[in-house]
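The values are calculated or read from the model by the stated rules, or taken from the named source; none is laboratory data. Source: prediction; values computed, not measured. Cβ placement follows ideal geometry from the backbone for every residue including glycine, while neighbour counts extend to all protein chains displayed.
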């Protein structure tokens, strides 16, 4: 494998990052990570325990962001959501 081939593969790398959402102030950082081609698994329980209305705002903002960049977003059970960058789609059963 040549150096240029390794560099090309590195540019295409998609990372998976798990985070806990504690406040709305964390949203810009989460969006930035998605823009850097990271898949985010976001534990929403900490914010839900503090303020359900803020949680609703956060999820709506992340949904709008995901749609606007051509990514995807889905709920994973009761405590988590997953947000993907463009080119990564979430399989949903019918």
statement: Considering residues that are touching a residue at least 12 places away in the same chain (Cβ under 8 Å) and not in a helix (DSSP H, G or I), the number found within the range 41-62 is 4
task: Please indicate, with yes or no, whether at least one residue in the range 31-46 is on the phi > 0 side of the Ramachandran plot and surrounded by 13 or more Cβ atoms within 10 Å (Cβ to Cβ).
output: yes
query: Among all residue pairs at least 6 apart or on different chains, which show Cβ distances below 6 Å where the first residue, located in the range 65-91, is at positive phi and modelled with pLDDT of 95 or more and the second is surrounded by fewer than 16 Cβ atoms within 10 Å (Cβ to Cβ) and assigned to a loop (DSSP other than H, G, I, E, B)?
result: 70/86
- prompt: Out of all the residues in the range 63-81, is one or more surrounded by 11 or more Cβ atoms within 10 Å (Cβ to Cβ), part of a helix (DSSP H, G or I) and touching a strand residue (DSSP E or B) at 6+ places or on another chain (Cβ under 7 Å)?
  reply: yes
